[in-house]
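This report refers to the structure that appears directly beneath it.
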Amino acid sequence: MLNWLFETIHADTLRPFGGMRGPTPWYPLGNAGAFLFKTQRPWEVIASFAKYGGMTVFWTFGEPTVALNDPALIEQVMRSRREHFYKDGPAPELIPVLTRSTPNVNNGDEWLASRRATPLSREFASAWLRAQAPSVRALTIEWADRLAAKTRDARVDILPAAQRLLFDCFAVGVVGAKLSPNDYDNFTVLANYGSARMLQMGTLAAELPPDGVEARERWLAMFMRRIAEERARPRPEARDLLAVTVREGTKLSDRDLAAELGNTWFGGDFSGPSTLVSALYLLTHNGASGQRLADAVAGLTEGADIDACEVLDQTLREAMRCLPAVAVWGRRVLPAKPVTLGGSVLPGNTKIYITNWHLQRASSFWAAPESFRPDRWTKDLRADQPYSGGSHFFPMGLGPRVCLGAHYIVFLLKHVLAALAGAYDVECGAGQPYDAGQSFYFATRMPYGLKARVRRRA
Ligand code: HEM
């Protein structure tokens, strides 16, 4: 029997997981077939293991991975007992792209130092963020008018267009001006390498191929040039992150500051557009919620009013609940330090996958979980399940390693949605299944292939 063969060949590795439930592994693939040959996406497969329990083991050839779908265990790994675990991916994959400056690729003291030093963690970040409201609004209106002209006769692919909008929003917020087409190309080359490395199985080269190295050096040099200009000729009134950081002072070297400013795009220009397009899709297919949002934001132009708009907040949370852009991520048990989790002893270095896909749509927590119902987000629910992560809503992670850009992206998406819903009809993916072209890019669930049409309301 194949299962017997698997158990015999991997007896030593299997032993510690003997009491843990999970899908039956078959020799030689283990459960890898569920990911390779099935129609479900990886996050759906991991979420589906919840049928065996909140903590399950599955096998990729002879390697065990623990899948967590249990709120208490996820909380322990991410927050209260996090010192027993570390983040391995995406360090080897992304260090040549993001450099070592980002908290994303660090652990322990290096993580803390990089998390504290990066501009988005500094105390001036909230005032900087509030100052971005007018430019985000202006960029969105310019983008929507352009798209309205372009889609008069034919619908266009919305995801690349949304990526371009957020690319420009990040540019104005981070350096005070749009970037050049060459900068966009450098970013794209780097993102393609980063994404391919995250999907690659087996050993990774420590460095990118020459064209990737050149793209990275050109990308960093562009920011370093701007930092040097700012030091030489300060712009006292400028409200972009680069100007504010230079004005306030930073412990980062110019190269690390350049990398951290540039990493905004790698952090946000896939997950942000994915969320925006998902929200537009859900609003298109739930007309009453779309109308409710349009009514709520009509006439709102002031940043503070937009931030305070309850319906807008409910809409964004519900979109992030139904279709989280980042649906799975990983940890490992510290090497050579077994840990007891959920009553089982996990050997050192055991791989763990955490997904929000199951809990954010579990009927034990959500009434009619498959329905897009922004008004389910009462005041109490919002307090209990914040954007920064609750027990069964954590679209941007939770605990001390919660998304570094969480405040920024929530702000941006609210202001983009307010500008769009206040003056435009956006028809996104009408008559199309959401997930026809969906795939992973840069560890993000990207809803490719959805077509959109934009009309300015009279
Ligand atoms: C809707 C958009 C976004 C989503 C859904 C998202 C999701 C996430 C998630 C789930 C994590 C936790 C991963 C883990 O614990 O391993 C994370 C971490 C992170 N995100 Fe985001 N993110 C978004 C936007 C952004 C933006 C705009 C930035 C940059 C400005 C950013 C930068 C980061 C960084 C640097 C980390 C690592 C933090 C650390 O390890 O301390 N993200 N994000």
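The values are calculated or read from the model by the stated rules, or taken from the named source; none is laboratory data. No experiment lies behind these values; they were computed from the predicted model shown. Here the Cβ positions follow ideal geometry from the backbone for every residue, glycine too, while neighbour counts run over all protein chains shown.
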Inset, instruction - Please enumerate the residues belonging to region 351-384 that are in contact (Cβ under 8 Å) with a residue 60 or more places away in the chain, within 16 Å of the ligand (Cβ to nearest atom) and assigned to a loop (DSSP other than H, G, I, E, B). - result: TRP357, HIS358
Inset, instruction - Give the residue, chosen from ASP425, ASP435, that is among the charged types (D, E, K, R), assigned to a strand (DSSP E or B) and more than 16 Å from the ligand (Cβ to nearest atom). - result: ASP425
Inset, instruction - Filter region 1-27 for residues that are in a loop (DSSP other than H, G, I, E, B), touching a Phe, Trp or Tyr at 6+ places or on another chain (Cβ under 6 Å) and not charged (D, E, K, R) and give the result. - result: GLY22, PRO23, PRO25, TYR27
Inset, instruction - Answer yes or no as to whether ARG81 is within 15 Å of the ligand (Cβ to nearest atom), within 28 Å of ALA336 (Cα to Cα) and at pLDDT 95 or above. - result: yes
Inset, instruction - Select, from ALA131, ALA149, ALA117, ALA113, the only residue that is at pLDDT 95 or above, more than 19 Å from the chain's Cα centre (by Cα) and crowded, with 17+ Cβ neighbours inside 10 Å. - result: ALA117
Inset, instruction - Return the residue satisfying two criteria in turn: it lies in region 294-325 and is at negative phi and in a loop (DSSP other than H, G, I, E, B), and of such residues it is nearest to the ligand (Cβ to nearest atom). - result: ALA325
Inset, instruction - Check region 359-379 and report whether any residue there is modelled with pLDDT of 95 or more, among the polar types (S, T, N, Q) and crowded, with 22+ Cβ neighbours inside 10 Å. - result: yes
Inset, instruction - Check region 261-273 and report whether any residue there is in contact (Cβ under 8 Å) with a residue 12 or more places away in the chain, within 16 Å of the ligand (Cβ to nearest atom) and not in a helix (DSSP H, G or I). - result: yes
Inset, instruction - Report those helices (runs of 4 or more DSSP H) wholly inside region 94-188 carrying at least 3 residues which are within 16 Å of the ligand (Cβ to nearest atom) and farther than 18 Å from VAL416 by Cα. - result: 108-117
Legend entry - Verdict on GLY390 being free of Cβ contacts under 8 Å to residues at least 40 places away in the same chain, more than 10 Å from the ligand (Cβ to nearest atom) and more than 16 Å from the chain's Cα centre (by Cα): yes
